[in-house]
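Some notes on the structure that comes next.
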Amino acid sequence: APQARLQVALARALYRTPRLRGDLFRKVDDGGESFGTNKQERRRTMEGDQKRLRDRAARLRRKIEALRRHRDLQRRRRARNGAPTVALVGYTNAGKTSVLEALTGGAGRGDDRPFATLDPRTRRADLSDEAVGPSKALVTDTVGFVSKLPAQVVAAFRATLEEVEAADVLVHVVDASRRGDARARARVVDRELEALGVGETPRLLFYNKVDLLEPAEAARLRELASSRPDVLVGAAATGDLGGLREALAECLDESLLDVAVTLPYSDNAYGATIEEVRRRGRVLSQEHGDDATELRAAVPRDLAGRLRGYKSAS
């Protein structure tokens, strides 16, 4: 988790720098031990320490920015390779890692410690053999949210939040076994997602750990969810995804945008563009003319944005 470690180190340096002065002079004024013989010498030592912390923070920022650019490049490559993206979000310990493993067939297991997932983990998932929309997706496990998270700690988890911002669909995982505060925790996540600017991203709500409820409670929750196609109930640790795989396929299909463009044969990217449209979306119609192909298709939003550079089909 290189980015997360760098962000934590940066948060530590930023936290220590303004507090260094007060801590050091308080020791002198209170008669505590000091490695300086007077306040002037102590001040010079403190200023040197502060400069070293500022220099360290600057170096960390440069490294973090380089990693961010590298992640952006990886994300663009994944987009070109064709699979839509799904981000798992939720309060800490909701069981997102277990959902990732159940969706992707991984052999890992979740961790009950808060913030066990510092950097995003992305794996490929087969959604459904009979999927309405894309049959494969890239699923990313992200850091768990908590209430009143300090700003410096939020920065330490920025790597995972970037994946949330870029996702085509979000799956909000809720720990159904938290009877007293499940709704309050869900509201914390909703507020954080709004603050990230992803409130309009298509979203599914998955009540996890239903196996820990009493049978009557589990039955009531399933009944309530049955009237909401965007709400699902299951227990990822036991392999019960409650139809999440199929719901994701439908949700991804609904998130596709219709485009109608004219692709000239003379375009160097003609063949690659047609192939990407077929791989990532659905071709609705295709008419070949003398000089170009009129294409109507449903494609992910990033591809739709790139296709806007072509002339619209009549």
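Rule-based calculations on the coordinates, nothing more; no lab input. Because the structure is a prediction, the values reported are computed rather than measured. Here Cβ is always computed from backbone atoms with ideal geometry, including for glycine, and neighbour counts include all displayed protein chains.
Overview of values
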| quantity | calculated |
| --- | --- |
| More than 20 Å apart - percent of Cα-Cα pairs taken over the stretch 202-314 | 54 percent |
| Estimated FRET transfer efficiency (GLN286, ARG69; beta-carbon r; R0 41 Å; 0.05) | 0.65 |
| Kirkwood Rh and Cα Rg combined as Rg over Rh, evaluated for the stretch 191-246 | 1.05 |
| Cα Rg over Rh - the stretch 274-314, Kirkwood | 0.94 |
| D (Stokes-Einstein, µm²/s), Kirkwood Cα radius, the stretch 163-215, 0.890 mPa s at 25 °C | 204 µm²/s |
| Other-chain or far-sequence residues with amide H under 5 Å of THR142's (modelled H) | LEU88 |
| Distant-in-sequence amide H partners of PHE206 (H built 1.01 Å from N, under 5 Å) | HIS172, VAL173, VAL174, LEU232 |
| Stretch gain in nm, segment ASP230-ALA195, where the contour uses 0.36 nm per residue and the Cα spacing is subtracted | 10.4 nm |
